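> The following block contains the structure, expressed as structure tokens.
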Amino acid sequence: MVKIDLTGCDSFVGKEQFNEYVNKALAAQVVLEEETGAGNDFLGWQHLPSAIGRAELDDCLSVVDAWLEKEIDLVVVIGIGGSYLGAKAAIEALSHTFAAHLGTQGMKVVFAGENLSEDYTAELMDLLQMRNAACVVISKSGTTTEPAVAFRLVKQHLEETYGKEEACSRIVAITDKARGALKSLSNQEGYKTFVIEDNIGGRFSVLTPVGLVPIALAGFDIEAMVQGAKDAEKALAARDAANPAVQYAAMRNLLYDQGKKIELFASFNPKLQYLGEWLKQLFGESEGKDGKGIFPASVIFTTDLHSMGQYIQEGERMLFETVVTVDNAQREVTIPTDPQDLDGLNYLAGKRVEHCNRMAQLGTKMAHIDGGVPNIAIHVDQLDEYNLGQLFYFFEKVCGISAYVLGVNPFNQPGVEAYKKNMFKLLEKPGY
Ligand code: PA5
């Protein structure tokens, strides 16, 4: 199970104060689980893992089988925000870091529709020209501009290259069951379609086909991921002060109320860079409203100790950090002896690189605590599908509890509309 270590907060908060916030978090947990709080029509994610059975998994895997048979080697996953970040985070975490350069066989997943850069789009089209391609288009609303633009281009390419009928078998749409342009288009063209249920918001949708189909297409074990989430669903339902989701929600709210307005999500494993992006969306879009909310930021250490380290150590004291820690590396690399020792590194000879990483992590924790930055550590055993499933569900649960402690509706995002209205007006969209 995901573990939490709050010892890095000991010098910042008193025991009684913490207990007071644990009680607040336990009360918020009841509101969340009994579905009596704001946004309670968006709680489908809570029991989602236990609702996923063999049939749901097989439906996702049927796309993999069909496309392997066609020897598809490139899958363009089109989506933005909650419609791509979970899949991207999982695929980045599970893939070989240099997968793009290894020349291995099989389907490669790339993402599009998460920006409006013309250069990015043109380069995507370059890649499509060279590959045997298919596409998964994901939009809950079915009306979001960025993925719609990318999909129009990719759809046209597939139809021109493979013919309309074959293109249809190379497109999967994941969208609302009834509403939106993508739904009407899919009905008309006859695409295989997965439904995003009404009661699951985008940023809580990684364990639906929104995340599971792309993750399966990238070759990863979605059954293990769902099992991890199922186990987390069960464990985190405990109404108990020792529940790590309750403890984390309590501590982050306590720190916020003490003026720590920024939560820095950190990891000492670069494979978790996009988990940081997913976390920023999950917490930022859920909590940042009504003039309140912890501002989520993310860093990868030790890399960013050489860019952001100075600020974290000595800048304005409004930060706390949450370090997602993978306890066991998957691979072993030992630092060799060098007879000349010109670099002076022989004191590390025979030690694992991961040992150095651990010592860097410990040294950073001590330095940041000394510098006034409380430290929360979230631990998982290893970086695999099972543990990622646990992490996804854990953070979703924390987010729901934490936002209720803060006093906001975690499940809407009214502020996202502001830029869209201006953009539509500037683009002269009919009706704006
Ligand atoms: O969490 C959310 O609801 C948002 O981030 C959406 O996922 C994002 O705006 C994309 O929306 P849609 O899936 O409707 O295209």
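The values are calculated or read from the model by the stated rules, or taken from the named source; none is laboratory data. Here the structure is a predicted model, which means the values were calculated and not measured. No Cβ is skipped: glycine too gets one built from the backbone with ideal geometry, and neighbour counts run over all protein chains shown. Heavy atoms of the whole protein, side chains included, go into the accessibility calculation; ligands, DNA and RNA do not. Shrake-Rupley method; radii C 1.70, N 1.55, O 1.52, S 1.80 Å.
> Measuring with a 1.4 Å probe in the full set of protein chains, what accessible area per residue, in whole Å², belongs to the chain?
Details: 19680 Å² over 432 residues.
On a per-residue basis, 46 Å².
> Okay, moving on. Assuming 0.36 nm per residue, please report the length gained on full extension of the stretch Leu116 to Asn199 beyond their Cα-Cα distance.
Gain on extension, Leu116 to Asn199, equals 27.0 nm.
> To continue, here is another question. Considering only Gln390, Gly39, Asn243, whose Cα is most displaced toward the positive end of the charge dipole of the chain, charges sitting on Cβ of Lys, Arg (+1) and Asp, Glu (-1)?
Gly39
> Can you sort Tyr419, Tyr393, Tyr386 by 1.4 Å-probe accessible area, starting with the largest?
Values: Tyr419 100, Tyr393 5, Tyr386 75 Å².
Ranking Tyr419, Tyr393, Tyr386 by accessible area, largest first, yields Tyr419, Tyr386, Tyr393.
> Relative to the Cα centre, what is the charge dipole magnitude of the chain, using +1 at the beta carbon of each Lys and Arg, -1 at the beta carbon of each Asp and Glu, and rounding to the nearest 20 debye?
Value, rounded to 20: 760 debye.
> Mind listing the long-range amide H neighbours of Phe295? Cut-off is under 5 Å, sequence gap 5 or more, other chains count too, H placed in the peptide plane at 1.01 Å from N.
Ile262, Glu263
> So, one more: Which stretch or stretches of segment 268-288 have amide N atoms under 20 Å from the point lying 7 Å from Ser307's Cα along the Cα→Cβ direction?
The answer is 268-281.
> Can you name the helices of the chain, as whole DSSP H runs, whose Cα span along the helix axis is 15 Å or more and whose Kyte-Doolittle mean is not below 0.5?
Within the chain the helices that satisfy the rule are 385-406.
> Related question: Please give me the summed charge of the neighbours of Pro374: other residues whose Cβ is under 13 Å from its Cβ, Lys and Arg +1, Asp and Glu -1.
-1
> For Asp338, put the label point 7 Å out on the Cα→Cβ axis and report which residues of segment 349-373 keep their amide N under 20 Å from it.
349-357
> Say the dipole of segment 151-195 comes from +1 at the beta carbon of Lys and Arg and -1 at that of Asp and Glu; which of Ala167, His157, Tyr191 then lies farthest toward its positive end?
Result: Tyr191.
> Which value, in debye to the nearest 20, gives the size of the charge dipole of segment 48-225 about its Cα centre, when Lys and Arg are +1 and Asp and Glu are -1 at the Cβ?
On the way: 15 positive and 24 negative charges, 74 e Å.
It comes to approximately 360 debye.
> While we're here: Accessible area, 1.4 Å probe, largest first: how do Leu348, Leu185 sort?
If we order Leu348, Leu185 from most to least accessible, we get Leu185, Leu348.
> List the chymotrypsin sites (Phe, Trp or Tyr not before Pro) within segment 1-104 that fall in a DSSP loop (any state other than H, G, I, E or B) and whose Cβ has at most 15 other Cβ atoms within 10 Å.
Working: sites: Phe12, Phe18, Tyr21, Phe42, Trp45, Trp67, Tyr84, Phe98; in loops: Phe12, Trp45, Tyr84, Phe98.
Answer by residue number: Phe98.
> Check which residues have an amide H placed less than 5 Å from Ala266's amide H, if you skip close sequence neighbours.
Amide H neighbours of Ala266, under 5 Å, 5+ apart: Val299, Thr322, Val323, Val324.
> Additional query: With label points built 7 Å along Cα→Cβ from the Cα atoms of Asn412 and Ala224, find their separation and express it in nm.
Inter-label distance under the simple model: 4.1 nm.
> Where the Cα atoms of segment 136-259 are projected onto their three principal axes, how long is each span, largest first, in whole Å?
59, 33, 24
> If you don't mind, another one. For the pair His96/Met318, report the inter-label distance in nm, with labels modelled 7 Å from Cα in the Cβ direction.
Output for this residue pair reads 4.5 nm.
> For segment 288-415, what does the alpha-carbon gyration tensor say about shape, rounded, prolate or oblate, given a ≥ b ≥ c as the root eigenvalues, a/c under 1.5 as rounded, and a/b over b/c as prolate?
oblate
> Here's another thing I want to ask about it. Heavy-atom accessible area of Arg179 with all protein chains present, probe 1.4 Å, nearest 10 Å²?
150 Å²
> Considering only protein heavy atoms, what is the solvent-accessible area of Ser141 at a probe of 1.4 Å, reported in Å² to the nearest 10?
50 Å²
> Continuing with this model, one more query. Between Arg358 and Gln129, what FRET efficiency follows from the Cβ-Cβ distance if R0 is 35 Å, with the result rounded to 0.05?
My answer for the efficiency is 0.15.
> Hey, how much of the P(r) for segment 48-225 falls beyond 20 Å, as a percent of Cα pairs?
Summing the P(r) tail past 20 Å for segment 48-225 gives 49 percent.
> Along the charge dipole of the chain, Cβ charges K/R +1 and D/E -1, which of Met308, Ala148, Thr337 sits furthest on the positive end?
Of Met308, Ala148, Thr337, it is Ala148.
> Just subtract the alpha-carbon distance of Arg54 and Glu165 from 0.36 nm times their residue separation and send over the number in nm, one decimal. Don't skip to the end; give the middle numbers.
On the way: separation 111, 0.36 × 111 = 39.96 nm, distance 2.95 nm.
That pair, Arg54 and Glu165, stretches by 37.0 nm at full extension.
> Which cross-chain or sequence-distant (5 or more) residues have an amide H under 5 Å from the amide H of Val2, H modelled 1.01 Å from N in plane?
It is none; the list stays empty.
> Computing the accessible area with a 1.4 Å probe over protein heavy atoms, can you report the carbon and sulfur percentage for segment 143-284?
Percent of accessible area from carbon and sulfur atoms in segment 143-284: 49.
> For the chain, what does -39500 (n - 2.57) per DSSP helix run (n ≥ 4), summed and divided by total residues, give at 222 nm, in deg cm²/dmol to the nearest 500?
The helix contribution divided over the chain gives -15000 deg cm²/dmol.
> While we're here: Leaving ligands, DNA and RNA out of it, work out the accessible area of Tyr432 with a 1.4 Å probe and give it in Å² to the nearest 10.
120 Å²
> How fast does the chain diffuse by Stokes-Einstein, in µm²/s, taking the Kirkwood radius from C-alpha pairs at 37 °C and 0.692 mPa s? Could the numbers behind the result be given before it?
Numbers: Rh = 23.0 Å.
This corresponds to a translational diffusion coefficient of 143 µm²/s.
> Expressed as a whole percent, how much of the Cα-Cα distance distribution for segment 1-126 exceeds 19 Å?
Result: 73 percent of Cα pairs exceed 19 Å.
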